[in-house]
Amino acid sequence: MRDIAYIALGSNLGDRAGYLAFALARLAALPGSRLLDASSVEETAPMGNIPNGGGPYLNQMVALETTLAPHALLEALHAIEHDAKRERTIRWGPRTLDLDIVMFDAQTVSDPELTVPHPGLGQREFWDRELAELKAKGR
């Protein structure tokens with residue numbers, strides 16, 4: 001099934017803009033997928049009350065047309081994060097790259113490994129802004 005996935009990108013360690021660019025290139029190269037558009041990049045404070053050594057995040061959202069099933073897309077996103085040297089140690093801790101499936105145009109998922117729309121959608125105002133920007137562009 002061909003659908004449009006909205007994927008949030010975030011980075012607050014190292015070359016933040018470089019990690020976002022890396023993610024864009026890798027997303028565009030996913031099999032059965034085509035990068036349709038990207039929102040503006042914005043800087044936001046880290047979430048949670050965890051001491052965060054990485055500083056503020058750079059965030060961006062993309063619209064990705066894909067034939068990948070939701071779990072296959074999640075696996076591909078985890079591989080991209082791994083290749084960007086992401087370490088999963090502290091929830092909401094600093095990270096080189098964070099990729100989240102925010103929503104699909106036509107699919108929902110609810111199981112122990114994946115929930116789409118993302119349960120944090122209503123808690124991240126910047127995601128609302130980025131989604132609105134992509135929707136205004138016709139994505």
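The values are calculated or read from the model by the stated rules, or taken from the named source; none is laboratory data. Here the structure is a predicted model, which is why all the values come from computation and not from measurement. Cβ coordinates were reconstructed from backbone atoms using ideal geometry, including for glycine residues, and neighbour counts include every protein chain displayed.
Numbers below:
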item	result
Search result, residues across region 1-45 that are more than 15 Å from the chain's Cα centre (by Cα), at negative phi, assigned to a loop (DSSP other than H, G, I, E, B) and not aliphatic (A, V, I, L, M)	2, 15, 31
Yes/no for residue 55 being part of a helix (DSSP H, G or I), modelled with pLDDT under 90 and out of contact with any strand residue (DSSP E or B) (no Cβ under 8 Å at 6 or more places or on another chain)	no
Among the residues listed as 15, 3, the single one being of a type in the set (D, E, K, R) and under 23 Å from residue 121 (Cβ atoms)	3
Close pairs (9 angstrom Cβ cut-off, 6 or more residues apart or separate chains): without any contact (Cβ under 8 Å) to a residue 60 or more places away in the chain and at negative phi in region 122-139, among the aliphatic types (A, V, I, L, M) and in a helix (DSSP H, G or I) anywhere	128/121
Region 65-105 - residue that is within 19 Å of residue 127 (Cβ to Cβ) and part of a loop (DSSP other than H, G, I, E, B) and, of those, modelled with the highest pLDDT	105
Pairs, first touching a residue at least 24 places away in the same chain (Cβ under 8 Å) and more than 16 Å from residue 63 (Cα to Cα) in region 33-48, second among the basic types (Lys, Arg) and not in a strand (DSSP E or B), C-beta under 9 Å, six or more apart	42/129; 44/124; 47/124; 48/91
Looking only at region 121-139, and only at residues there that are within 17 Å of residue 65 (Cβ to Cβ) and among the basic types (Lys, Arg), the one that is surrounded by the most Cβ atoms within 10 Å (Cβ to Cβ)	139
